[in-house]
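Reviewing the structure listed below.
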Amino acid sequence: MYDLHMHILPGLDDGAADMQDALEMAETAVLGGTMVCAATSHGRFAHHDPDKYLAAYRNRLEEFRLELGRRGIGLQVVSGMELLADDRLLAYARDHVLPGYGRSRTILIEFDFDVSFRRAEGMLDELQRSKYRVILAHPERYDFIRQEQHRARILCRDGVILQVNSGSIEGRFGRSVFHAADNILGEGLAGLVASDAHDPVMRTPDLEETSRILDLSYGSGASEVLLEENPSRILSGRKII
(Lines give C-alpha, C1' and ligand atoms only; values in the text may rest on other atoms or scores of the structure.)
Protein backbone atom coordinates (compact mmCIF):
# COMPACT_ATOMS: atom_id res chain seq x y z
CA MET A 1 0.00 0.00 0.00
CA TYR A 2 0.86 3.68 -0.40
CA ASP A 3 0.24 6.33 2.26
CA LEU A 4 0.57 9.83 0.82
CA HIS A 5 -0.27 11.80 3.96
CA MET A 6 1.87 11.14 7.02
CA HIS A 7 3.59 13.40 9.57
CA ILE A 8 6.51 11.08 10.09
CA LEU A 9 9.56 13.36 10.04
CA PRO A 10 10.70 14.05 13.62
CA GLY A 11 10.62 17.47 15.23
CA LEU A 12 9.21 19.49 12.32
CA ASP A 13 5.54 19.81 13.27
CA ASP A 14 2.94 18.16 15.52
CA GLY A 15 3.81 14.72 14.17
CA ALA A 16 6.67 12.45 15.27
CA ALA A 17 8.32 14.05 18.29
CA ASP A 18 11.73 12.47 17.77
CA MET A 19 13.58 9.89 15.69
CA GLN A 20 12.36 7.01 17.87
CA ASP A 21 8.75 7.99 17.26
CA ALA A 22 9.42 8.24 13.53
CA LEU A 23 11.05 4.81 13.40
CA GLU A 24 8.18 3.24 15.36
CA MET A 25 5.73 4.80 12.91
CA ALA A 26 7.71 3.39 10.00
CA GLU A 27 7.70 -0.09 11.52
CA THR A 28 3.95 0.13 12.16
CA ALA A 29 3.32 1.23 8.59
CA VAL A 30 5.31 -1.68 7.15
CA LEU A 31 3.65 -4.22 9.44
CA GLY A 32 0.27 -2.92 8.29
CA GLY A 33 1.18 -3.40 4.64
CA THR A 34 2.43 0.06 3.62
CA MET A 35 5.60 0.03 1.55
CA VAL A 36 5.66 3.64 0.28
CA CYS A 37 4.78 6.79 2.18
CA ALA A 38 5.06 10.53 1.71
CA ALA A 39 6.54 12.59 4.52
CA THR A 40 3.99 15.41 4.45
CA SER A 41 5.03 17.75 7.26
CA HIS A 42 2.85 20.81 7.75
CA GLY A 43 3.83 23.71 5.52
CA ARG A 44 2.38 26.76 7.25
CA PHE A 45 4.31 29.58 5.64
CA ALA A 46 2.68 32.33 7.70
CA HIS A 47 4.28 30.77 10.80
CA HIS A 48 7.90 30.51 9.68
CA ASP A 49 10.37 31.47 6.95
CA PRO A 50 9.52 29.20 4.00
CA ASP A 51 13.05 28.84 2.64
CA LYS A 52 14.58 27.99 6.01
CA TYR A 53 11.78 25.56 6.77
CA LEU A 54 12.12 23.81 3.41
CA ALA A 55 15.88 23.46 3.94
CA ALA A 56 15.26 21.96 7.40
CA TYR A 57 12.70 19.60 5.87
CA ARG A 58 15.14 18.35 3.22
CA ASN A 59 17.85 17.76 5.81
CA ARG A 60 15.49 15.89 8.14
CA LEU A 61 14.17 13.75 5.28
CA GLU A 62 17.69 12.70 4.31
CA GLU A 63 18.55 11.88 7.93
CA PHE A 64 15.42 9.79 8.26
CA ARG A 65 16.02 7.87 5.05
CA LEU A 66 19.55 7.06 6.18
CA GLU A 67 18.29 5.86 9.57
CA LEU A 68 15.66 3.65 7.91
CA GLY A 69 18.42 2.09 5.84
CA ARG A 70 20.63 1.51 8.89
CA ARG A 71 17.73 -0.18 10.72
CA GLY A 72 16.72 -2.27 7.72
CA ILE A 73 13.15 -0.89 7.72
CA GLY A 74 11.73 -1.40 4.24
CA LEU A 75 9.69 1.79 3.91
CA GLN A 76 10.27 4.00 0.88
CA VAL A 77 9.76 7.66 1.83
CA VAL A 78 9.05 10.25 -0.84
CA SER A 79 9.02 13.99 -0.29
CA GLY A 80 5.88 16.06 0.03
CA MET A 81 4.27 18.62 2.31
CA GLU A 82 0.79 19.42 3.63
CA LEU A 83 0.54 23.05 2.60
CA LEU A 84 -1.86 25.36 4.42
CA ALA A 85 -3.61 27.48 1.80
CA ASP A 86 -3.65 31.11 2.86
CA ASP A 87 -2.52 34.50 1.53
CA ARG A 88 1.12 33.88 2.46
CA LEU A 89 1.24 30.57 0.57
CA LEU A 90 -0.37 32.07 -2.53
CA ALA A 91 2.06 34.99 -2.48
CA TYR A 92 5.01 32.60 -2.13
CA ALA A 93 3.70 30.48 -5.02
CA ARG A 94 3.76 33.43 -7.40
CA ASP A 95 7.58 33.54 -7.26
CA HIS A 96 8.54 30.02 -6.14
CA VAL A 97 7.73 26.41 -6.96
CA LEU A 98 5.72 24.81 -4.19
CA PRO A 99 6.98 21.52 -2.71
CA GLY A 100 5.01 18.70 -4.33
CA TYR A 101 5.30 14.96 -4.20
CA GLY A 102 8.82 13.98 -5.26
CA ARG A 103 9.44 17.47 -6.68
CA SER A 104 6.41 17.21 -8.95
CA ARG A 105 3.68 19.80 -9.38
CA THR A 106 1.18 17.62 -7.51
CA ILE A 107 0.62 19.28 -4.14
CA LEU A 108 -1.27 18.37 -0.96
CA ILE A 109 -3.34 21.30 0.31
CA GLU A 110 -5.19 21.87 3.58
CA PHE A 111 -7.34 24.73 4.88
CA ASP A 112 -8.32 26.08 8.26
CA PHE A 113 -11.37 23.99 9.18
CA ASP A 114 -13.71 26.99 9.27
CA VAL A 115 -12.70 28.47 5.90
CA SER A 116 -15.65 29.51 3.71
CA PHE A 117 -16.40 27.50 0.58
CA ARG A 118 -16.05 30.59 -1.60
CA ARG A 119 -12.62 31.33 -0.17
CA ALA A 120 -11.48 27.71 -0.53
CA GLU A 121 -12.69 27.53 -4.13
CA GLY A 122 -10.85 30.72 -5.00
CA MET A 123 -7.53 29.53 -3.57
CA LEU A 124 -7.81 26.10 -5.21
CA ASP A 125 -8.60 27.75 -8.54
CA GLU A 126 -5.57 30.03 -8.29
CA LEU A 127 -3.29 27.06 -7.60
CA GLN A 128 -4.76 25.08 -10.49
CA ARG A 129 -4.34 28.05 -12.84
CA SER A 130 -0.68 28.04 -11.79
CA LYS A 131 -0.46 24.50 -13.25
CA TYR A 132 -0.54 22.57 -9.99
CA ARG A 133 -2.43 19.31 -9.65
CA VAL A 134 -4.14 19.75 -6.30
CA ILE A 135 -4.96 17.08 -3.74
CA LEU A 136 -7.20 18.32 -0.93
CA ALA A 137 -6.38 16.76 2.43
CA HIS A 138 -9.30 15.39 4.48
CA PRO A 139 -12.18 17.31 2.82
CA GLU A 140 -14.61 15.58 5.18
CA ARG A 141 -13.23 17.60 8.11
CA TYR A 142 -13.98 21.09 6.72
CA ASP A 143 -17.11 22.87 7.88
CA PHE A 144 -18.12 23.78 4.34
CA ILE A 145 -18.22 20.10 3.34
CA ARG A 146 -19.83 18.77 6.51
CA GLN A 147 -22.60 21.38 6.24
CA GLU A 148 -23.18 21.08 2.48
CA GLN A 149 -21.89 17.70 1.32
CA HIS A 150 -22.71 18.30 -2.36
CA ARG A 151 -19.75 20.69 -2.41
CA ALA A 152 -17.45 17.66 -2.54
CA ARG A 153 -18.94 16.89 -5.97
CA ILE A 154 -18.22 20.45 -7.10
CA LEU A 155 -14.56 20.20 -6.10
CA CYS A 156 -14.21 16.80 -7.74
CA ARG A 157 -15.85 18.14 -10.93
CA ASP A 158 -13.34 21.00 -10.93
CA GLY A 159 -10.42 18.57 -10.93
CA VAL A 160 -9.46 18.61 -7.25
CA ILE A 161 -8.41 15.17 -5.98
CA LEU A 162 -10.03 14.37 -2.62
CA GLN A 163 -7.97 12.53 0.01
CA VAL A 164 -10.01 11.00 2.83
CA ASN A 165 -8.43 10.19 6.20
CA SER A 166 -8.45 6.66 7.57
CA GLY A 167 -9.42 8.02 11.00
CA SER A 168 -12.53 9.63 9.52
CA ILE A 169 -13.64 6.31 8.07
CA GLU A 170 -13.14 4.66 11.47
CA GLY A 171 -15.18 7.34 13.27
CA ARG A 172 -12.34 8.94 15.21
CA PHE A 173 -13.29 12.54 14.42
CA GLY A 174 -16.99 12.41 15.25
CA ARG A 175 -20.25 11.51 13.61
CA SER A 176 -20.51 14.43 11.16
CA VAL A 177 -16.99 13.84 9.83
CA PHE A 178 -17.73 10.12 9.47
CA HIS A 179 -20.91 10.85 7.50
CA ALA A 180 -19.09 13.31 5.24
CA ALA A 181 -16.34 10.75 4.57
CA ASP A 182 -18.94 8.05 3.94
CA ASN A 183 -20.72 10.30 1.46
CA ILE A 184 -17.49 11.10 -0.43
CA LEU A 185 -16.54 7.43 -0.60
CA GLY A 186 -20.04 6.20 -1.33
CA GLU A 187 -20.42 8.56 -4.29
CA GLY A 188 -17.05 7.53 -5.68
CA LEU A 189 -15.57 11.02 -5.23
CA ALA A 190 -12.47 10.04 -3.23
CA GLY A 191 -9.22 9.82 -5.15
CA LEU A 192 -7.26 8.21 -2.35
CA VAL A 193 -7.27 7.35 1.34
CA ALA A 194 -4.33 8.04 3.66
CA SER A 195 -3.56 7.79 7.35
CA ASP A 196 -2.65 11.40 8.24
CA ALA A 197 -0.64 9.68 10.95
CA HIS A 198 0.94 11.84 13.65
CA ASP A 199 2.41 9.40 16.17
CA PRO A 200 3.04 5.70 16.88
CA VAL A 201 0.27 5.28 19.48
CA MET A 202 -2.94 7.26 18.83
CA ARG A 203 -2.94 8.42 15.20
CA THR A 204 -0.84 5.65 13.73
CA PRO A 205 -0.02 4.78 10.11
CA ASP A 206 -1.52 1.30 10.31
CA LEU A 207 -3.85 0.99 7.28
CA GLU A 208 -4.66 -2.71 7.61
CA GLU A 209 -8.07 -2.17 9.25
CA THR A 210 -8.83 0.71 6.90
CA SER A 211 -8.24 -1.58 3.94
CA ARG A 212 -10.76 -4.08 5.29
CA ILE A 213 -13.37 -1.39 5.95
CA LEU A 214 -13.03 0.01 2.43
CA ASP A 215 -13.63 -3.37 0.82
CA LEU A 216 -16.52 -4.25 3.11
CA SER A 217 -18.28 -0.88 2.88
CA TYR A 218 -17.55 0.31 -0.65
CA GLY A 219 -17.06 -2.83 -2.65
CA SER A 220 -14.37 -5.44 -3.23
CA GLY A 221 -11.38 -3.73 -4.77
CA ALA A 222 -12.01 -0.30 -3.20
CA SER A 223 -8.89 -0.60 -1.08
CA GLU A 224 -6.78 -1.53 -4.10
CA VAL A 225 -7.90 1.61 -5.96
CA LEU A 226 -7.68 4.03 -3.02
CA LEU A 227 -4.61 2.70 -1.21
CA GLU A 228 -2.56 1.31 -4.08
CA GLU A 229 -3.51 2.10 -7.68
CA ASN A 230 -4.41 5.78 -7.41
CA PRO A 231 -1.58 6.76 -5.04
CA SER A 232 0.85 5.00 -7.38
CA ARG A 233 -0.59 6.90 -10.32
CA ILE A 234 -0.28 10.18 -8.44
CA LEU A 235 3.40 9.64 -7.74
CA SER A 236 4.08 8.74 -11.37
CA GLY A 237 2.11 11.70 -12.73
CA ARG A 238 -0.65 9.64 -14.31
CA LYS A 239 -4.39 10.24 -14.31
CA ILE A 240 -6.17 8.57 -11.39
CA ILE A 241 -9.05 6.12 -11.71
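The values are calculated or read from the model by the stated rules, or taken from the named source; none is laboratory data. The model shown is predicted, which means the values in this text are computed figures rather than measured ones. All Cβ positions, glycine included, derive from the backbone under ideal geometry; neighbour counts span all protein chains shown. The accessibility values were calculated without ligands, DNA or RNA, using every heavy atom of the protein model including side chains. Shrake-Rupley method; radii C 1.70, N 1.55, O 1.52, S 1.80 Å.
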GNM result for the chain, Cα springs below 10 Å: residue of 91, 190, 181 fluctuating most strongly: 91
Ellipticity estimate at 222 nm from DSSP helix runs (n ≥ 4, -39,500 (n - 2.57)) divided over the chain, nearest 500: -12000 deg cm²/dmol
Evaluated over the chain, the Cα radius of gyration and Dmax, each in Å: 16.7, 48
For region 1-144, size of Cβ-based charge dipole, Lys and Arg +1, Asp and Glu -1, in debye: 660 debye
Computed accessible area, residue 62, all protein chains, 1.4 angstrom probe, square angstrom: 90 Å²
Residues with amide H under 5 Å from that of residue 78, placed H, sequence gap 5 or more: 37, 38, 39
Karplus (6.51, -1.76, 1.60) ³J(HN,Hα), θ = phi - 60°, over region 131-138, in Hz, Gly and Pro reported as x: 6, 9, 8, 9, 9, 9, 5, 5
Residue among 17, 59, 41 farthest towards the positive dipole end of region 1-135, charges placed on Cβ: 59
Relative contact order for region 49-175, counting Cα pairs under 8 Å that sit 6 or more residues apart, in percent: 18 percent
The chain, dipole about Cα centre (Lys/Arg Cβ +1, Asp/Glu Cβ -1), debye to the nearest 20: 860 debye
Choice from 47, 179, 138 showing the highest fluctuation, given a GNM over the chain with Cα pairs closer than 10 Å: 47
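Convex hull over the Cα atoms of region 1-85, averaged projected area in nm²?
Working: hull surface 20.5 nm².
Dividing the Cα hull surface by four gives the mean projection, 5.1 nm².
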Whole-number Å³ per residue for the convex hull built on Cα positions in region 147-187: 60 Å³
For residue 155, solvent-accessible area (1.4 Å; no DNA, RNA or ligand), Å²: 0 Å²
Region 6-57-region 210-240 distance, computed between alpha-carbon centres (Å): 23 Å
Lys/Arg +1, Asp/Glu -1 at C-beta; region 85-194 dipole; positive extreme among 93, 122, 142: 93
Å² of accessible area per residue within the chain, as computed with a 1.4 Å probe and no ligands counted: 44 Å²
For region 72-103 and region 129-201, distance of Cα centres in Å: 19 Å
Alpha-carbon Debye profile of region 77-190, log10 I(q)/I(0) at 0.20 Å⁻¹: -1.07
Net +/- balance of residues flanking residue 170 in space, Cβ distance below 13 Å, scoring K and R +1, D and E -1: -2
